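The values are calculated or read from the model by the stated rules, or taken from the named source; none is laboratory data. No experiment lies behind these values; they were computed from the predicted model shown. Don't worry about glycine lacking a Cβ; one is built from the backbone with ideal geometry, like all the others, and counts go over all protein chains shown. The area values use the complete protein model at the heavy-atom level, side chains included, leaving out ligands, DNA and RNA. Shrake-Rupley method; radii C 1.70, N 1.55, O 1.52, S 1.80 Å.
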Amino acid sequence: MEAVLRHLTNILELLAVSQTDHVSEWDRHTTLRAFQWAEYCEQLHSRFQCNPAVRSALESALSDTNQRLQQALPSCSPVMFSELAQCQHMLLIHLLTNPSAPNSVIPILFPDPKTAAQDSQFDQNSLITCKSAFNLLCRTSDRTSYAGLHVEAVVRGKLLGNLLNSVLSRTGNDEYARTLLDSILHDSAGKPESLYDVIAAALLSPDDETNSVVPHFILAWLQEQDGCLSKLCKSLSPGLCTVISRQSREFKQAYWGVLKQWASCLEFDVLEGLWVPTSDEPVTFIILTDRFKELLNSGPPLKEETETELKTLKREAGDFNVKGICIWTDVIIQLKL
Amino acid sequence: MEAVSETDVQFWMAKVVNWGEATSCSALLDTSRHLGSLRSFLQQVLQGLQQMSSTSEAMKTFPFVGQFLGRLCWNPCVIADERSQRLLLRCLSCLYSAEPLNAVEQKANMWIKNMLCHLISEEEGSVAHATVKHAGLTPKRYHSEALQKVVSLMTEEVIKSCNGLPNTSARCSNGNIYVMSTACAALVTCPQMSPLIGALLKHSMLCGTSCLNQEFIKEVSEALIRLYLCVFCLSLLHSKRLVLEDEAVVNLWCYSPSCLEGAAVSLLESVLSDHETMTQSLDKHVNDSLLPQASADHCHIFLTVSEIYRNVLTEIDENLAVRALIQVFTVCFLQRLTGQKTQDRLPLRAFFPHVMPSLLPPLLTAPSEVPREAWLDHLIWIRSLLQSVMENEAGEDVRAYQAVFQAWFLLVQCGYWVDTAAELLVLAAPENAEPLLWLLTFFHHPTNRGHQRSQQTAEAREAWTHLRMLFLTRPPPPRHLSAVKELLSSSLSANLVLHLFLNFTVFSHGPVSIINEINDKVLTEAAVKRRALWILASIRCRLNSAATRDDRVHSRLRTLQDTLLQT
């Protein structure tokens, strides 16, 4: 174990150095060795990814080393355990993007396709082919035929779902799974809407509908993130939310919760005779009713359940039949229930 | 000498600017239509760059190259095509300087590194980037799995739209099929694509309208042909693997006649290219090509393949390899045909429309289905039918000539009867030899070119007489040995004599040692040995489907083949 932790520290140092100008001293031998270490590191990841005990030891070693390196070399970025699976790739990217990397190193990493063996360590052809083939196919399927989601989101969502499933299948990995989702959220800060699509696909992903581990986990995580669930529901179309509600009881409940919360942000403006938003939440009465309309159009049992819920809400709020007092009354009237 | 012409440069630069990132359907279509010619142009550019001594010189000679390659790197349709991708990367590799001498070269290096970065990773901050980064897999594995998933989703979509078919009167309602097949044109050599390609081809079969992109069809057929050649030539180094289900391949042939022709021709080429392997396992090889099965299931496929081989034979009618192929192909085809359900079976007439119908029953019945004692009578029957066809040739009318040719071609297809005649000649009594010799002569010399028929018949009889003496007398008389050798080297009937000779070797009853001695003395030249191997290949295929197995004969055959292959 000692040795493993030492190796891990070495690799992190290598990765850090590859981002600085010290890399200019690397020669062919150093470079190849660095990649060997990186490959070893990838094996560490795959062996211990689902093993909570070993992994947490590695994670704390990582965290210590990250801190230490940050102080010494502020420009380099910390490395998370989940990233170790792509150690060689990271190293390669660092070398490509670091202007101080020696010029002689690049041809080693991108050997002439004609002379190099097909499965050499540095063969990027199959990666490039698969990646562009994937992009190309996603483009041609621009009809949104998967519950309203684009096929790219569906695939990424399924892969995410598979990852979470394998991580959660062993006990003690909840925290780690949460870290994964946190990291993904953090790293896609640029385009949260696309992420929400992927999460929606992950919620829909288990082919076996009785397996609710992943949807349950994702929902719990969403509810921990401030406002995330609400943003997600807003971003996804009413139709999609309905589809997910049909598949997952838990999501249905959570969704209703969000809708109730939205409803609480609306106030009746007596002068205009309308329900208007009071907070920054861009929710209007129409939006709210559209959401419920979609749920009601979905057919049994969701239709009946939603009707019942609305009626219960109306009753609990005083059972008014006149407009303008209770939002649920007005919703019910609007939807002609 | 200019590596690339100015007009080409202007044409291609305009194209790549127009295509952009191939986000629109029309850009995608246009890219896929030009993929083939783009590859040729890239090849020229690469050759030009390879001549340069430095990057600075390259940039001066080919000022367009930076923009050109850069834009192509952003076009996924081009990158996804393995061959174009390799050419692009090799061009980039040419432009990279391990020791940059000036600012231009340094800038070029930086730019190339950027391109490579772009090719292997995603834009930071995007969901793609985030999900790949934390996927717990290498990017290569992630994308491979992602590709598999998207292929299976799209394949399901295509299959679902197939379930509404066949409905040949309605237009294919799924316009998406066309776009999908356009994308697939670039991707045919990607192994994960085969389920989708198979589904698209099946859809096209059921749909009845041409809803597949032509480029796609062309690419699939070319990839298949390359696969055949690679597998058959046993060179897997540069093989482009396209593994399709048998059904998809046959659908492709039904859909595209040029594809079928390509398959038939490539079978022929592969057979001719490697006589050592082919003569050992011709029937397996022919069956693996799927053509016999496809021919049995689809009459038009059989007719097309027969037509192609018939045309080849008119060009090189003395070629024993081609004849062996035709014979084995017909045997495999007939075996598949008998395997079909009776209610699905078309009458044989449908498969052999041009030939005199009375010829079909005797010739299409295999020798294994006829008792050995009846062989002679059967062959006499065949001979009399053929003679009646030839009697009408007398007028030198074109139609009459064609009738003879068709009859002869049928005999070539059913060459196992000619082989049977040759086998019988080994042990025949002189009074029975005449019809057998006639058949052999007709088989080897169908036309009466220069009115040599009588001379050929005489030579056949002479050869037979010498061979009988040679193999029946012990020790083998040198007079007959040299006579046989003489006949083998004269060009007029060399093949016929060789044919007879080999049958004697395999089927006569003398001691093995004597026979080996005779062989060693007679089969000395390389060209003769090669032709001998082809004749033995047909004999072997006939014996493989015989009713009973004669071990002695088989071991003779084996020994002879091994000896011939040794040198």
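Of note:
- Per-residue ellipticity at 222 nm from helix content only, as computed over the protein assembly as shown with -39500 (n - 2.57) for each DSSP H run of at least four residues, stands at -22000 deg cm²/dmol.
- In sequence order, the range B:34-44 has phi-based couplings of 9, 3, x, 6, 5, 4, 4, 5, 4, 4, 5 Hz under the Karplus curve 6.51 cos²θ - 1.76 cosθ + 1.60, θ = phi - 60°, and Gly or Pro positions carry x.
- Solution diffusion estimate, µm²/s, Stokes-Einstein, the range B:66-198, Kirkwood Rh from C-alpha pairs, 37 °C, viscosity 0.692 mPa s: 185 µm²/s
- Backbone HN-Hα couplings from phi across the range B:50-55 [Karplus 6.51/-1.76/1.60, Hz, Gly and Pro as x]: 5, 6, 6, 8, 8, 5
- Net charge of the neighbourhood of B:LEU427, taken over other residues with C-beta under 15 Å away and scored Lys/Arg +1, Asp/Glu -1, is -1.
- Mean projection of the Cα convex hull over all viewing directions, computed for the range B:269-425: 10.0 nm².
- Chain A contacts chain B over a buried accessible area of about 5800 Å², both sides summed; the probe is 1.4 Å and only protein chains count.
- Heavy-atom SASA rank of B:ARG323, B:ARG349 (probe 1.4 Å, accessible area, largest first): B:ARG349, B:ARG323
- Put A:MET90, A:MET80 in order of accessible area, highest first, and with a 1.4 Å probe you get A:MET80, A:MET90.
- Shape summary: chain A maps onto an equivalent ellipsoid whose semi-axes, from the alpha-carbon gyration tensor, are 50, 21, 19 Å in decreasing order.
- The value given for the range A:242-326 is a Kirkwood hydrodynamic radius of 13.8 Å, derived from the mean inverse Cα-Cα separation.
- Angle in degrees between helix A:151-168 and the longest Cα principal axis of chain A, rounded to the nearest 10: 80 degrees
- Of the residues B:LYS60, B:LYS529, B:LYS218, B:LYS341, the one with the largest accessible area comes first in the ranking B:LYS60, B:LYS341, B:LYS218, B:LYS529, computed with a 1.4 Å probe on protein heavy atoms.
- Amide H contacts of A:LEU274 (H built 1.01 Å from N, in plane; Pro and chain starts excluded): A:ASP269 sit under 5 Å, all sequence-distant by 5 or more or on other chains.
- Taking Cβ atoms as reference points and 14 Å as the exclusive limit, the residues near B:ALA460 contribute a net charge of +1, counting Lys and Arg as +1 and Asp and Glu as -1.
- B:ASP377 accessible area, 1.4 Å probe, all protein chains in place, Å² to nearest 10: 100 Å²
- Across q = 0.17, 0.23, 0.27 Å⁻¹, the range B:49-101 modelled as identical point scatterers on its alpha-carbon atoms has Debye log10 I(q)/I(0) values of -0.54, -0.88, -1.07, in the order of the q list.
- Building the convex hull from the alpha-carbon atoms of the range B:351-431 and averaging its projection over directions returns 5.9 nm².
- Charge context of B:ALA130, other residues only, Cβ under 12 angstrom, K/R +1, D/E -1: -3
- Compactness check for the protein assembly as shown: Cα Rg over 2.2 N^0.38 Å is 1.29.
- 3J(HN,Hα) along the range A:91-96, derived from phi through the Karplus expression 6.51 cos²θ - 1.76 cosθ + 1.60 where θ = phi - 60°, amounts to 4, 4, 5, 4, 5, 6 Hz, with x in place of Gly and Pro.
- Calculated P(r) tail over 18 Å for the range A:179-244, as whole % of Cα pairs: 32 percent
- For chain B, the longest principal axis of the alpha carbon atoms and the long axis of helix B:416-427 meet at an angle near 40°.
- The mean count of C-beta atoms from other chains within 10 Å of the C-beta of residues in B:144-157, rounded to a whole number, is 6.
- Translational diffusion coefficient (Stokes-Einstein; Kirkwood radius from C-alpha pairs) of the range B:413-513 at 20 °C, 1.002 mPa s, in µm²/s: 156 µm²/s
- Residues whose amide H falls under 5 Å from that of B:LEU346, counting only those 5 or more places apart or on a different chain, are absent, with hydrogens built in the peptide plane.
- Cross-link pairs A:LYS303/A:LYS323; A:LYS158/B:LYS15; A:LYS260/B:LYS133; A:LYS303/B:LYS133 - those with Cα-Cα distance over 30 Å: A:LYS158/B:LYS15; A:LYS260/B:LYS133; A:LYS303/B:LYS133
- Calculated SAXS-style log₁₀ I(q)/I(0) at q = 0.15 Å⁻¹ - the range B:1-115, Debye, Cα scatterers: -0.63
- Principal-axis tilt of helix B:512-522 within chain B, Cα atoms, nearest 10 degrees: 70 degrees
- Within straight-line cross-link reach of B:LYS160, lysines at Cα separation under 17 Å, skipping those fewer than 8 residues along the same chain: B:LYS149, B:LYS202
- Along each principal axis, taking the top coordinate minus the bottom one, the Cα set of chain B gives 93, 61, 52 Å in descending order.
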